[in-house]
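Okay, so here's the structure we're looking at.
The values are calculated or read from the model by the stated rules, or taken from the named source; none is laboratory data. Keep in mind that this is a model prediction, so the values were computed, not measured. With ideal geometry, Cβ positions are generated from the backbone for all residues, glycine too; neighbour counts draw on all protein chains shown.
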Amino acid sequence: MFLESQNNHPKQKGSIEVICGSMFSGKTEELLRRLKRAEFAKLKVEIYKPIIDKRYDNEKIVSHDENFIQSVAIVKSCEILQKIENPDIVAIDEAQFFTDDLSGVCSDLANKGIRVIVAGLDMDFLGKPFGKMPELLSVAEQITKVHAICLDCGDIANNSYRINDGEKLVELGEKENYKPLCRKCFSKNNQNLD
């Protein structure tokens, strides 16, 4: 079975779509947009997020613009395979926080004919590939890279710059902890730290 995508290219039912970018780039908004279209089309959608993501709500996926959709919070991505109930689409938000074999889980789902839509940060605050995202990007049929606006110069931002002095890789936060920066401003701000 093929589904039509927004640009009229046929989309195979069993596939992996990844939405990636920096913080404040609209990843979750894009995920929610796709899910609302799917629900409008009366497709059965199941939505998952990592249990550590409690910034706005314990059970909902919530965008910075306060749009939301109900989800199931899980510890490991492999739990999805145990919980699914014959969905047309499985959505996963904040994929960078999963430490187990997320790409394997997504591939298993896609091989069963399920459309998998995943959103997550592709780089951490150091500008390095984040968690399992590189593996996921390598097995995806479709990748959508979204960008924020650099808060220092107004150019297209691709990096999530941590404002505070925290050194832990995973530190949940919002505008008080992070700001989106372009390559040039990110590099300049990191040089100022040395």
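If I filter the range 54-61 for residues that are modelled with pLDDT of 90 or more, surrounded by fewer than 16 Cβ atoms within 10 Å (Cβ to Cβ) and farther than 17 Å from Met133 by Cβ, do I get at least one hit? No, the range 54-61 contains no residue that is modelled with pLDDT of 90 or more, surrounded by fewer than 16 Cβ atoms within 10 Å (Cβ to Cβ) and farther than 17 Å from Met133 by Cβ. In this structure, Asp88 does satisfy being surrounded by fewer than 20 Cβ atoms within 10 Å (Cβ to Cβ), within 24 Å of Lys13 (Cβ to Cβ) and of a type outside the set (Ser, Thr, Tyr). Within the range 112-159, the set of residues being touching a Leu at 6+ places or on another chain (Cβ under 9 Å) and within 26 Å of Asp88 (Cα to Cα) comprises Arg115, Val116, Ile117, Val118, Ala119, Gly120, Asp122, Lys132, Met133, Glu135, Leu136, Ile143. Apart from one condition, Glu66 fits all of (1) assigned to a loop (DSSP other than H, G, I, E, B); (2) at pLDDT 95 or above; (3) out of contact with any helix residue (DSSP H, G or I) (no Cβ under 9 Å at 6 or more places or on another chain); the exception is (2). Considered as a group, the residues in the range 73-85 that are part of a helix (DSSP H, G or I) and aliphatic (A, V, I, L, M) include one that is surrounded by the most Cβ atoms within 10 Å (Cβ to Cβ), and that residue is Ile80.
Scanning the range 12-28 for residues that are at pLDDT below 90 and surrounded by fewer than 18 Cβ atoms within 10 Å (Cβ to Cβ) returns Gln12, Lys13.
Does Val75 meet the test of being at pLDDT below 95 and out of contact with any Pro (no Cβ under 6 Å at 6 or more places or on another chain)? For Val75, the condition - at pLDDT below 95 and out of contact with any Pro (no Cβ under 6 Å at 6 or more places or on another chain) - is met.
I'm checking my understanding of the structure. Among residues of the range 120-145 that are among the aliphatic types (A, V, I, L, M) and closer than 23 Å to Val105 by Cβ, which one is surrounded by the most Cβ atoms within 10 Å (Cβ to Cβ)? Ranking the candidates gives Leu136 first.
Identify all residues within the range 91-114 that are buried (at least 17 other Cβ atoms within 10 Å of the Cβ), of a type in the set (Val, Ile, Thr) and not in a helix (DSSP H, G or I); write none if there are none. Correct list: Ile92, Ile114. Selection of first residues in the range 178-189 that are crowded, with 20+ Cβ neighbours inside 10 Å and modelled with pLDDT of 95 or more and of second residues that are of a type in the set (S, T, N, Q) and assigned to a strand (DSSP E or B), restricted to Cβ pairs under 6 Å at least 6 apart or on distinct chains, gives the following pairs, ordered by first then second residue: Leu181/Asn159; Phe186/Asn159.
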